[in-house]
Amino acid sequence: MTGFNAEVRPGLRSARSVCAMNLEQRFRAAGRDLRLADFDPSDDAGLDKATAERLRAADLERMRALQERLYAEGRQALLVVVQALDAAGKDGTISHVMSGVNPQGVRVTSFKQPSSLELAHDWLWRCSQALPRHGEIGIFNRSHYEEVLVLRVHPEHLAGQGVDPERADAAFWTQRLKTIAAWERHLGTCGTHVVKFFLHVSREVQRERFLARAAEQDKHWKFNAGDVAEREHWDAYHEAYEQAIRATSTEDAPWYVIPADRKWLMRTAVAGIIVEHLERMDPRFPEVGEADRARMDAAVAALEVEGT
């Protein structure tokens with residue numbers, strides 16, 4: 001399989017579509033029955049690296065074309081949520097998957113420790129401010145799910161939101177998850193399609209990546225001793241992710257558990273699944289009405305006369 005081009009080779013486009021559908025079905029989270037232990041972080045989906053990279057190249061071309069339609073149409077938006085434990089590859093995946101699109105129609109937001117302004121508002125406020133406009137693809141590098149992940153593992157941080165950590169019982173987190181599900185449902189009714197990825201890295205590969213950062217001088221800026229300390233909470237984070245995905249993976253705002261030990265597979269899977277969702281959204285170029293076409297014809301005629 002060489003010369004992959006989704007726009008000019010229909011047979012290969014068909015192969016791309018079949019593979020993307022298979023990846024979507026393979027990695028889609030079931031919701032209430034989800035167990036992360038059932039997902040293998042080293043899964044290669046039956047692909048080799050060269051084939052996966054050709055598939056991804058085809059998907060990036062298709063994504064570019066679909067994004068142009070989405071931007072021109074201006075009636076829908078796509079919100080892509082990327083969550084993971086440290087060193088799973090969030091930044092690299094976003095960079096590779098969005099490498100071919102027009103930056104004018106893409107907004108990437110990385111959520112760090114909340115500011116005093118953000119803490120002065122409700123806990124969904126800062127994510128609401130970063131939502132994509134109609135016509136855009138929005139990428140959340142971490143997201144509103146930090147409010148039921150990091151804070152669930154470290155409830156002492158709730159004090160910064162004016163919440164007594166002692167109140168953070170099971171019912172408290174259930175209510176937060178219900179609020180997230182309702183918010184995402186609201187976004188869907190307003191034209192913003194939501195798709196969510198958990199990049200699932202194994203504990204051993206995370207350790208290897210931390211060591212690789214420490215060994216390479218140009219990567220020292222990415223090394224954070226606090227990230228290593230968080231490994232002590234590995235099981236607690238996975239339990240928090242399971243609870244969140246079970247409660248909020250829906251038909252309209254699905255979660256995908258993407259194996260992250262093989263970066264080439266992870267990037268191919270994310271690209272293919274995003275394209276599948278864009279195709280379902282079916283963005284279209286606006287139709288030109290008769291009055292606008294008449295004005296265009298008149299303007300073209302004037303330009304042609306000007307050139308004589």
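Bear in mind that the values in this text are calculations on the coordinates, not laboratory data. Values in this document were obtained by computation on a predicted structure and should not be read as measured data. Cβ: placed from backbone, ideal geometry, glycine included. Neighbour counts: every protein chain shown.
Summary of computed values
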quantity	calculated
Exposed GluC sites (Glu not before Pro) absent: longest stretch of the chain, with sites in DSSP loops and at most 10 other Cβ within 10 Å deemed exposed	1-250
Shape call, segment 131-248: gyration tensor on alpha carbons, a/c limit 1.5	oblate
Separation in nanometres of the label points that stand 7 Å from Cα toward Cβ, at Ala37 and Arg64	4.5 nm
Computed label-point distance, nm, for sites Asp122 and Asp282 using a 7 Å Cα→Cβ extension	3.4 nm
Positive-pole candidate from Val300, Ala45, Phe197, dipole of the chain, charges at beta carbon	Ala45
The chain, relative contact order [Cα under 8 Å, separation at least 6], %	33 percent
Simple label model, 7 Å out from Cα along Cβ direction - His134 to Ala302, nm	2.9 nm
For segment 10-306, size of Cβ-based charge dipole, Lys and Arg +1, Asp and Glu -1, in debye	240 debye
Percent of beta bridges antiparallel (DSSP, segment 10-306, rounded to nearest 5)	5 percent
For the chain, built as a Gaussian network whose Cα springs stay under 10 Å, the top-fluctuating residue of Ala240, Ala87, Ala159	Ala159
Nearest-0.05 FRET efficiency for Ala159 and Trp234, computed from C-beta distance (R0 22 Å)	0.35
Cβ-based charge dipole, segment 10-306, positive-most Cα from Leu60, Gly289, Gln161	Leu60
Degrees between helix 203-215 axis and first principal axis of the chain (Cα, 0 to 90, nearest 10)	80 degrees
Linear extension gain, Ala212 paired with Arg295, 0.36 nm per residue minus alpha-carbon span	23.8 nm
Full-extension gain in nm, Asp91 to Glu73, via 0.36 nm per residue minus C-alpha separation	3.6 nm
Most fluctuating residue given options Arg213, Arg176, Arg69, as computed from a GNM of the chain linking Cα atoms under 10 Å	Arg213
Interchain or long-range residues, amide H under 5 Å from Val81's placed H	Phe140, Val195, Lys196, Phe197
Theoretical FRET efficiency, 1/(1+(r/R0)^6), r = Cβ-Cβ of Lys222 and Gln113, R0 25 Å, to 0.05	0.90
